[in-house]
Amino acid sequence: MITAKLGALDPYGVLRRGYTITENAQGKVVRQASDLRPGDTLVTRFAQGAAVSQVETVKEGKA
């Protein structure tokens, strides 16, 4: 039971379900669009690999 609960909190388990984690160039997790500026570099982590991208436009508000 405890193992299942800990597994649910494992960030890599989330990635295996198809979600990604996006970090800024300093390695901090990006939690909202207002944290970004055009030109910022991002690293998007997948279950298998990562992609580096650059912000062109920031659109705030609900997805």
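The values are calculated or read from the model by the stated rules, or taken from the named source; none is laboratory data. Bear in mind the structure is a predicted one, so any value in this text is a computation, not a measurement. Glycine gets a Cβ as well: all are built from the backbone with ideal geometry, and neighbour counts include every protein chain shown.
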State yes or no: is Asp10 modelled with pLDDT under 95 and charged (D, E, K, R)? yes
Can you name every residue in the range 47-62 that is at pLDDT 95 or above and under 13 Å from the mean Cα position of the chain (by Cα)? Gly49, Ala50, Ala51, Val52, Ser53
Name the pairs: first residue in the range 1-22 and in contact (Cβ under 8 Å) with a residue 12 or more places away in the chain, second residue assigned to a helix (DSSP H, G or I), Cβ to Cβ under 8 Å, at least 6 apart or on different chains? Ile21/Pro11; Ile21/Val14; Ile21/Leu15
